[in-house]
Amino acid sequence: AKADGRNTYSFYSDSLTLQARERLVLEQRLRNAMKQNHLTCYYQPQLDINSGRIIGAEVLLRWIDPSEGIISPDTFIPLAEASGLIHPIGNLVLQQACRQGKAWQLEGLANINLAINVSAQQFNKGDLEQKINAILQETGFDPACLELEVTENALMGDEDVVIKTMLALRALGIKLAIDDFGTGYSSLAYLKRLPLDVLKIDRRFVENLPRAEDDQSIAKAIIDLAHNLRFKVLAEGVETSEQLAFLRQQRCDYYQGYYFSKAVPAAEFAALLKKQRTS
Ligand code: C2E
Ligand code: CA
Ligand code: CA
Ligand code: CA
């Protein structure tokens, strides 16, 4: 570094400092947001495609900043993953959602399935099963109603270790879903070995249904593949009645998307459940 000369060195050092400083500021704001309870779970309804009934919700995190409003997870989850904050944040989400799910159950609002996103770092840390078990004990939430969503990337480590982790999680009585299916690099031979319950078709294969023939073929192939492996299939990003009709015709099991509802605060989700109970 000394041989680089003074100007070069100070040029890089200044720009890095600026970048690092910006990141540190945001990281510090994220830490504060955690402490001040500005991180809140929203719930996007998941429905049975045939009965049209709400069977559960995907838990989607929101950062509600008093001055900036709602900050999307697409901006702060990557930062949380890079800084290690994903571990406390992941626990916060699990705890908040399971506590909420238990409260709904006590209110008599059926047994609502909660699907919670788990980052690759959380999945591969080695203590996830213990963490989940502790949260289930602490909140009293029914494990049969908890589902973890993991992406193909999270499952790219040593196959035997990954499968062992999945089996340990399933032994708690919870379900496992593969998220954004078809966008990663997992092989079909590998998929066949995985102890999964649900396969989620990524939004980008749903987007242009039913008019795009290539996407029709892909959606059909994914649904058949999943059923042959005895997984349930959920389509995400359903926005139109035409998409919904196509997916129903192809025997997709569940769906979520703006067609029915975006992710909403807990109270709004509870209102949707109450409306359904009386209809
Ligand atoms: P994802 O898991 O693929 O979540 C689905 C995203 O699609 C959500 O964005 C949801 O609001 C959006 N979406 C749902 N229905 C529709 C639709 O019909 N049309 C369109 N265009 N979009 C739809 P969101 O809430 O901004 O979350 C973005 C990503 O952030 C998630 O993608 C997930 O990877 C991550 N994320 C969110 N919450 C958590 C969390 O608690 N933990 C972790 N590790 N990641 C999270
Ligand atoms: Ca997800
Ligand atoms: Ca997804
Ligand atoms: Ca996604």
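Once backbone amide H atoms are built at 1.01 Å from N, Lys232 has Val198, Leu199 as its partners under 5 Å, excluding neighbours fewer than 5 places away on the same chain.
Here the alpha carbons of the range 127-272 define both size measures, Rg and Dmax, at 16.4, 49 Å.
Taking only the Cα atoms of the chain, the radius of gyration and Dmax are 20.8, 76 Å. Put simply, when 106-112, 118-124 are sorted by average Cβ atoms within 10 angstrom per residue, most first, you get 118-124, 106-112. For the chain, the membrane-span-like helix rule (DSSP H, alpha carbon extent of at least 27 Å along the helix axis, mean Kyte-Doolittle at least -0.5) picks out 86-106; this says nothing about an actual membrane.
If you take the alpha carbon atoms of the range 36-115 and fit the smallest convex hull around them, that volume is 114 Å³ per residue. Less than 5 angstrom separates the built amide H of Phe260 from none of the residues sequence-distant by 5 or more or on a different chain. Taking Lys and Arg as +1 and Asp and Glu as -1, the other residues whose beta-carbon sits under 13 Å from that of Pro78 total -2. Close amide-amide hydrogen proximity is noted between Gly56 and Gln46, Asn113, each under 5 Å apart and 5 or more residues distant or on a separate chain (H modeled in the peptide plane; Pro and chain starts excluded).
Calculated from DSSP H runs of 4 or more alone, at -39500 (n - 2.57) each and per residue, what is the 222 nm mean residue ellipticity of the chain, nearest 500?
That comes out to -15500 deg cm²/dmol.
Annotation: the range 187-279 has a Kirkwood hydrodynamic radius of 14.4 angstrom, from the mean reciprocal C-alpha pair distance. Per residue, the solvent-accessible area of the range 99-158 (1.4 Å probe, heavy atoms of protein chains only, all protein chains present) comes to 44 Å². As a rough guide to protection, the peptides 20-33, 84-97 ranked by mean Cβ packing within 10 Å, highest first, stand as 84-97, 20-33. Taken about its Cα centre, the chain carries a charge dipole of about 580 debye when Lys and Arg each add +1 at the Cβ and Asp and Glu each add -1 at the Cβ. Peptide packing: for 138-151, 219-232, the average count of neighbouring Cβ atoms within 10 Å per residue gives the ranking 138-151, 219-232, highest mean first.
For the chain, modelled as a GNM whose springs connect Cα atoms under 10 angstrom apart, the maximal fluctuation among Ser83, Ser51, Ser186 occurs at Ser51. Taken over the range 76-210, the convex hull of the Cα atoms encloses 130 Å³ per residue.
Atom-type composition of the exposed protein surface of the chain places 50 percent of the accessible area on carbon and sulfur (1.4 angstrom probe).
Extending 7 Å from Cα along the Cβ direction at Ala271 and again at Ala144 yields two label points whose distance is 3.1 nm. Straight-line cross-link reach from Lys200 at under 30 Å between alpha-carbon atoms covers these lysines, not counting any fewer than eight positions away in the same chain: Lys102, Lys125, Lys131, Lys164, Lys175, Lys192, Lys220, Lys232, Lys262, Lys274, Lys275.
About its Cα centre, the range 99-205 has a charge dipole of approximately 100 debye under the convention of +1 per Lys or Arg Cβ and -1 per Asp or Glu Cβ, with nothing else charged.
The values are calculated or read from the model by the stated rules, or taken from the named source; none is laboratory data. All values reported here derive from a predicted model rather than from experimental measurement. Note that we place each Cβ from the backbone using ideal geometry, even for glycine, and neighbour counts take in every protein chain shown. Side chains included, ligands, DNA and RNA excluded: accessible areas come from the protein's heavy atoms. Shrake-Rupley method; radii C 1.70, N 1.55, O 1.52, S 1.80 Å.
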